[in-house]
Amino acid sequence: MADLIMMPKLGFDMAEGTLVEWTKKVGDAVAEGDVIATIETDKANVEVTSFKAGVIRQLLVAAGAAVPVNTPIAIVGAAGEPIDLAALGVKPSAPPATPEKAAAPAKAGPAPAAVKAGPVIASPVARRMADELGIDLHLVAGSGPEGRIVKRDIEEYVKVHAQAPQKIAAPPPIPTPSFAPPGEGYRAEPLTPMRQTIARRMTESKQQAPHFYITMDVDMTAALDLRKQLNALLPETESISVNDLLIKAAAIALKQFPNINASFAGNEIRIHDRINIGIAVSREVGLVTTVIQDCDKKPLAQIAKESRESIARAREGRMRAEEMVGGTLNISNLGMYGVQDFIAIISPPQAAVLAIGAIQRVPVVDEAGQLAVGTRMKVTISADHRVTDGAEAARFLQAFQAALEQPMRLVL
């Protein structure tokens, strides 16, 4: 039976996405999980995969089109079966994308010096960026289908015309602080769409969610010993990272304290059945979060594999739809930068986030009362006081601590 592939909703505030390109054409066979298209959001280019095996029977949206979420974009079915658009809930008048248009090669090149005449074809994301940066779209060369201007064209134009005065609208005058030396200048950097999204969501989180914070020390001696033993048995390309241990420990703790695996929703608290851990990944253009699904049900080796692959895709800007949604708790690890401890902002609609500091060799007092050298890591939970309280969040941290200090739990 034929099925519809929909424009995915990649975040609770996403309203539409731009279909950048089709990677499959009508008549192509697809397996479950095959990438069929790439869409553009404010945060990343995302790969859309087929949820079933079959043949691409129709492409319902042209490459370059902006599409509301949950709108049908393609039909997958058996090779010879008849397609009843009405039965599938698709309006027959919907203009299908032709294979030729979907596979049209992109035209690259710098912005032309001359002003183009006539209407400009541009994606909604590109139009918003141009409006925010004060760019005349007539001056931008489009590399999308039929010369459509897309996000990468605006970014390229900004690079080429970095000093162009028209790229930034004149800001309102700001009073110079009294401590600033007279005549000191500055360089204005326009906000990218990703940075705008981060700014909006983090501001909403801090304004709406009453955060509280608890910090705890974790003895990482046994966890690091276990990691060393496991990695000695694995190829280097399949090694387990400290982050993988943290993900599994968080999943174990969430299993014991499901109220932390929750979100605030007006007049109710929603306690989620699935435990999906989000990992904060730093990119030059901003921070993205990639989600590992069902971490409580997966062995450590599988978590390591999925984490390694999804982080690589996030850094390359080619995330999959399922990696951008459904997170129930995020982990932000700045330990690799030598940061001892910090606090993180909760990502709505989650109820908590873990901030991980560096693993350090520090002086400790052992059980015998003697001064010794220990291996410690600080972890801080930021929690939403509308959903949980200090005592419960502290017990959750104790469970997280216990999973790492008795790390055989991570492999059972």
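Just so you know, all these numbers are worked out from the coordinates, no wet-lab data involved. As the structure is a computational prediction, the values presented were derived from the model and not from experiment. Please note: Cβ atoms are built from the backbone with ideal geometry, for glycine as well, and neighbour counts cover all protein chains shown.
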What are the ³J(HN,Hα) values, in whole Hz, obtained from phi via the Karplus relation 6.51 cos²θ - 1.76 cosθ + 1.60 with θ = phi - 60°, for each residue of region 275-282 in sequence order, with x given for Gly and Pro? 10, 10, 9, x, 10, 6, 10, 8
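For region 188-274, just say rounded, prolate or oblate: build the C-alpha gyration tensor, square-root its eigenvalues into a ≥ b ≥ c, call rounded for a/c under 1.5, and beyond that prolate if a/b exceeds b/c, oblate if not.
Values: a/c = 2.45, a/b = 1.49, b/c = 1.64.
Because a/c hits 1.5 or more and a/b fails to exceed b/c, region 188-274 counts as oblate.
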For a protection proxy built on the mean count of beta-carbon atoms within 10 angstrom, sort 225-231, 363-369, 254-260, 15-21 highest first, please. 15-21, 254-260, 225-231, 363-369
Table column - 3J(HN,Hα) (Hz), region 210-221, Karplus curve with 6.51, -1.76, 1.60, x for Gly and Pro: x, 6, 9, 9, 9, 10, 9, 8, 10, 7, 9, 4
Amide hydrogen neighbours beyond the local backbone of Gly17, cut-off 5 Å, H modeled: Val67, Val69
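Give me the net charge of Gln360's neighbourhood, meaning all other residues with Cβ under 15 Å from the Cβ of Gln360; Lys, Arg count +1, Asp, Glu -1.
On the way: positive: Arg361, Arg376, Lys378; negative: Asp217, Asp219, Asp341.
After counting each charged neighbour, the total is 0.
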13 Å reach of a label modelled at Glu81, 7 Å along Cα-to-Cβ, counting backbone N of region 44-66: 52-58
If the chain between Ala402 and Asp3 were fully extended at 0.36 nm per residue, the gain over the current Cα-Cα distance would be 139.0 nm
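Full extension from Arg152 to Ala394: what is 0.36 nm times the residue separation minus their Cα-Cα distance, to one decimal in nm? Intermediate values should be presented prior to the final figure.
Numbers: separation 242, 0.36 × 242 = 87.12 nm, distance 4.52 nm.
Separation in residues times 0.36 nm, less the Cα-Cα distance, equals 82.6 nm.
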If packing is taken as the mean number of other Cβ atoms within 10 Å per residue, what is the order of 387-400, 193-206, highest first? 387-400, 193-206
Sequence order, region 60-66: Karplus ³J(HN,Hα) from phi using 6.51 cos²θ - 1.76 cosθ + 1.60, θ = phi - 60°, Hz rounded, Gly and Pro as x, gives 8, 9, 7, 4, x, 7, 8
Quick one: length gained pulling Ile214 to Ala301 fully straight, 0.36 nm per residue minus the C-alpha distance? 28.3 nm
Less than 15 Å Cβ to Cβ from Asp296, Lys/Arg counted +1 and Asp/Glu -1: what total charge do the surrounding residues give? +2
